Amino acid sequence: MTEAQKHFAVIGHPINHSLSPKIHTYFAKEAGLAISYEAILSPLDKFNETLHTLMQKHYGGINVTLPFKKEAYLFSQHHSKEAKIAEAVNTLVFKSGEVTGHNTDGLGLVGDLTFNLKVTLHQKKILLMGAGGAAEGVIYSLLENKPLQLTLTNRTIEKSMAIKHKMDEYAEKFHVDLNVIEIKKLAHHYYDVIINATSASLHESELHIDDKVFHTGSFAYDMMYGKETYFIKKAKSQHAKTSDGLGMLVEQAAEAFYIWHGIKPDTKSVIDLLSAS
Ligand code: NDP
């Protein structure tokens, strides 16, 4: 292993809550790799400078979280397919002075839903709430699984419309009915899988979603983790099955680990460990 393959980090603002150092350190230990992985707080207006400094120090790669995923996309000279479509990057690879940006959020979400939670997406009706970086980052992966329908909704509905416009060609490619609906009209429709990609619970604010959106047979997934959100409480009150986003966090980290080290880590033991703590 060269010096450049030893040092890794996650950058965000804020960052002290991040579980990524714990996850990557665990993966590395299991794989027998001697790497360092730290959490770095970047000033909001100095993201590029922070990255340049880390490149000079021969870091091998960086994970990027809120609010820098768009800036990381612009910083990258090369992009994976997922990063290019989402126009957002959560994993950077530094190699020979060149920067490649990846987005592993979509694979992380779909991996958690289909592999860990055994939720079928194929030919199902999916509702995705939110139109920020997280929502945009997962749409391509959801479409790739060929659901019958993918419905987008957001407090600011114009953002959902813009994303639909951008993603229509992929919906057509995978034969998915991609549509947009206002939050207040949701109760008139049935969805098999309901995904919350809003940051409402991060700000302790209520998500105005009707109880009737949830049913006994539906699966409610909140990308937020670490606490029982209003969304999850509401879904449980209607006897829907639920999950928080801890599994997605671990799965997207595993994809990043694979990109950097070429090793697929075992995710179940980390999810169990973090859930217990
Ligand atoms: P952004 O800031 O980019 O987007 C926030 C979204 O939430 C927007 O669609 C916004 O709507 C909506 N929103 C915020 N407050 C409310 C509210 N009170 N009611 C309704 N809608 C609201 O954030 P991200 O997309 O990056 O992240 C979203 C969530 O996903 C966060 O909680 C984040 O922690 C989580 N996440 C989890 C991951 C995991 O691995 N588990 C990975 C990535 C993200 P509007 O457009 O109207 O402002």
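Net charge near residue 154: determine it from the other residues with C-beta under 15 Å of the C-beta of residue 154, scoring Lys and Arg +1 and Asp and Glu -1.
Surrounding charge for residue 154 is +3.
Tell me which lysines have Cα within less than 16 Å of residue 124's Cα, excluding those fewer than 8 residues away on the same chain?
In chain and number order, the partners are 146, 241.
Which value, in debye to the nearest 20, gives the size of the charge dipole of the chain about its Cα centre, when Lys and Arg are +1 and Asp and Glu are -1 at the Cβ?
So the dipole magnitude of the chain works out to roughly 300 debye.
State to the nearest 20 debye the size of the charge dipole of segment 106-247 about its Cα centre, where the only charges are +1 on K and R beta carbons and -1 on D and E beta carbons.
It works out to roughly 280 debye.
Based on the alpha carbons, how large is the Rg to Rh ratio for segment 1-148 when Rh follows Kirkwood?
Rg divided by Rh gives 0.99.
If you keep only loop residues by DSSP, which GluC sites (Glu not before Pro) in segment 132-232 have at most 16 other Cβ atoms within 10 Å of their Cβ?
Passing sites in segment 132-232 are 182, 204, 206, 228.
Once every DSSP H run of n ≥ 4 in the chain is given -39500 (n - 2.57) and the sum is divided by its residues, what mean residue ellipticity at 222 nm do you get, rounded to the nearest 500 deg cm²/dmol?
When only DSSP H runs of four or more count, the value is -11000 deg cm²/dmol.
For residue 61, what residues show an amide H to amide H distance below 5 Å, using hydrogens built from the backbone and excluding near sequence neighbours?
9, 94
Kindly give Rg over Rh for the chain, based on alpha-carbon atoms, with the Kirkwood expression for the hydrodynamic radius.
A ratio of 0.97.
What is the packing order of peptides 113-124, 61-72, taking the mean over residues of other C-beta atoms within 10 Å and listing the highest first?
With the highest mean Cβ count within 10 Å placed first, the list reads 61-72, 113-124.
Non-local amide H neighbours of residue 194 (under 5 Å, H modeled in plane, Pro and chain starts lacking H): which ones?
127, 219, 220, 221
Give, rounded to the nearest 20 debye, the magnitude of the charge dipole that segment 3-103 has about its Cα centre when Lys and Arg contribute +1 at Cβ and Asp and Glu contribute -1 at Cβ.
140
DSSP loop chymotrypsin sites (Phe, Trp or Tyr not before Pro) in segment 170-277 with at most 14 other Cβ atoms within 10 Å of their Cβ, which ones?
Answer in residue order: 190.
What does the charge add up to near residue 183, with Lys and Arg as +1, Asp and Glu as -1, over the other residues with Cβ less than 10 Å from its Cβ?
+1
Can you check what the net charge comes to around residue 228, using other residues whose Cβ is under 11 Å from the Cβ of residue 228 (Lys, Arg +1; Asp, Glu -1)?
Result for the local shell: +2.
In Å², what does the accessible area per residue of segment 26-156 work out to with a 1.4 Å probe?
44
The values are calculated or read from the model by the stated rules, or taken from the named source; none is laboratory data. Not measured: the values here are computed from a predicted model. When we count neighbours, we look across all protein chains shown, and the Cβ atoms used for this are built from the backbone with ideal geometry, even at glycine. Keep in mind that these areas ignore ligands, DNA and RNA; they rest on the heavy atoms of the full protein, side chains included. Shrake-Rupley method; radii C 1.70, N 1.55, O 1.52, S 1.80 Å.
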